């Protein structure tokens with residue numbers, strides 16, 4: 001019994017203990033708040049009671065998610081290098097230092113003298129660089145007294161003198177240039193036809209003296225940006241007189257206006273001439289020629305094209321109004337190594353006494369002058385360079401002229417010594433090229449050739465025009481002390497004509513000019529050499545040798561050139 005009661009007491013004590021433990025746990029849970037992590041261990045008999053779960057209220061909160069960019073610092077650790085210097089003995093050397101700009105001198109004087117009493121003089125003086133203005137003077141004189149013909153009765157004196165002056169004024173984007181010149185030229189009509197009976201004439205009839213003077217003003221305006229107009233304009237007056245009484249007054253104008261619009265370059269070229277030539281007090285001839293050439297130029301990468309027209313007014317000519325379409329294209333291949341190009345156009349050439357005498361000083365001042373119409377002008381070629389030392393240019397052209405001006409001997413004027421004008425239609429085809437090789441900064445060689453064919457309409461030959469011209473030359477500078485310049489030219493055979501049937505040569509029909517005579521002028525070689533010794537930057541001595549072959553060839557019919565001619569002289573800069 002005692003045993004049973006003991007067991008009963010132990011059970012009651014255990015239950016009391018469990019109940020007391022459960023109440024204590026419940027109180028702790030209520031004090032700590034409800035939790036799902038409560039671990040309870042039961043020993044013996046137990047009774048499980050399930051209570052309602054108490055959930056915590058958890059509201060969402062914002063959290064900064066920004067990440068700071070890390071900063072890395074690299075520090076170079078010095079490393080000691082062991083360097084063993086080496087020493088080499090260098091002898092004293094002279095160093096030639098080229099200044100950024102060469103020393104400028106205000107002017108120079110060149111004086112010389114040669115065979116056949118042939119003096120030469122040149123003087124130049126200019127103002128130094130100036131931001132506002134500058135000016136200068138330049139004068140030349142060349143003459144010769146003999147050495148052309150063995151007939152002492154014919155004078156052989158020639159002279160050419162000219163003085164030029166200019167002044168330039170600068171503004172912000174404007175430049176104004178004034179120029180003036182005065183000069184004279186003396187020639188001898190020594191080319192008498194051997195088969196023409198020449199009467200005894202006074203010396204003044206066998207010589208002619210021309211005087212000339214003129215002035216011009218040139219204005220140039222640069223653009224501020226590509227959309228503005230850049231304008232250049234020139235206005236000039238020329239006066240020419242002959243001792244025989246012929247005078248010529250010429251007014252000239254020319255200019256260029258250009259701008260850029262939408263990637264296109266707009267260009268407007270113009271030039272005009274008004275010319276009046278008085279043969280005597282009662283007779284005169286006038287020429288009025290004006291040319292306007294609008295163009296549109298487009299550059300697309302390496303391709304450059306232009307399209308325009310030449311609108312020409314020849315008020316006193318046989319064709320008063322003409323229009324010549326113009327077009328041009330060029331392509332740069334491999335940055336200028338090859339540049340093929342082609343151009344087509346036309347224009348009117350104004351033939352006045354001043355331009356004629358520049359080509360042929362023996363032309364009769366009273367000859368009939370008409371303008372030449374270049375009705376068709378096609379040119380194509382290939383130019384470029386291989387490195388900066390070799391430059392080349394191959395070309396082909398076809399030109400068609402109306403009223404082309406030929407010079408033929410006028411045997412009725414002073415024994416055939418003067419030249420008259422003869423006009424005809426002419427087509428010229430030319431195939432040629434030039435090349436230049438810079439072997440070094442001091443040594444350059446160059447050469448070229450032109451091969452020509454002619455097609456005439458009323459004449460049997462293209463008078464005085466050669467069928468080929470070869471040329472070559474070199475320039476050598478030795479240590480800036482000795483300079484050598486040499487050139488040679490080979491000109492092919494030509495045909496010359498005279499308006500007189502009694503002149504030297506075979507009879508020939510000259511078309512509208514009637515019957516005349518024809519002569520063949522042989523090919524010739526013209527070689528020239530110049531040697532110069534530079535004592536210092538200011539002083540030098542030189543010698544020139546012309547016509548080294550010594551051939552008395554004829555540039556114009558009955559006019560042989562001087563034989564070998566040597567000149568020597570000196571130059572001084574101040």
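The values are calculated or read from the model by the stated rules, or taken from the named source; none is laboratory data. What you see is a predicted model; the values in this text were computed from it and never measured. Counting neighbours? That spans all protein chains shown, and the Cβs are built from the backbone with ideal geometry, glycine included.
Here is how the numbers come out for the structure above:
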item: Qualifying positions in region 469-489 - buried (at least 16 other Cβ atoms within 10 Å of the Cβ) and either in contact (Cβ under 8 Å) with a residue 40 or more places away in the chain or over 27 Å from the mean Cα position of the chain (by Cα) (or both); result: 483, 485, 486, 487, 488
item: Qualifying residue in region 516-524 (condition: loosely packed, with under 14 Cβ neighbours inside 10 Å and free of Cβ contacts under 8 Å to residues at least 12 places away in the same chain); result: no
item: Subset tally (residues that are more than 22 Å from the chain's Cα centre (by Cα) and either in a strand (DSSP E or B) or surrounded by 13 or more Cβ atoms within 10 Å (Cβ to Cβ) (or both)) for region 262-280; result: 8
item: Among residues of region 538-551, those that are in contact with a strand residue (DSSP E or B) (Cβ under 7 Å, 6 or more places away or on another chain) and exposed (fewer than 15 other Cβ atoms within 10 Å of the Cβ), counted; result: 4
item: Selected residue (criterion: nearest to residue 418 (Cα to Cα)) from residues of region 358-374 that are at pLDDT 95 or above and assigned to a strand (DSSP E or B); result: 372
item: Residue that is nearest to the chain's Cα centre (by Cα), among those in region 303-340 that are surrounded by fewer than 13 Cβ atoms within 10 Å (Cβ to Cβ) and within 24 Å of residue 257 (Cα to Cα); result: 303
item: Residue 396 vs. criteria over 22 Å from residue 312 (Cα atoms) and assigned to a strand (DSSP E or B); result: yes
item: Matching option when the condition is loosely packed, with under 15 Cβ neighbours inside 10 Å, out of contact with any helix residue (DSSP H, G or I) (no Cβ under 7 Å at 6 or more places or on another chain) and closer than 30 Å to residue 356 by Cα, among 283, 300; result: 283
item: Any chance residue 218 is part of a strand (DSSP E or B), without any contact (Cβ under 8 Å) to a residue 40 or more places away in the chain and more than 27 Å from residue 336 (Cβ to Cβ); result: no
item: Some residue of region 520-531 being at positive phi and at pLDDT below 95; result: no
item: Residue that is at pLDDT below 95, touching a strand residue (DSSP E or B) at 6+ places or on another chain (Cβ under 9 Å) and over 20 Å from residue 366 (Cβ atoms), where the choices are 195, 235, 206; result: 195
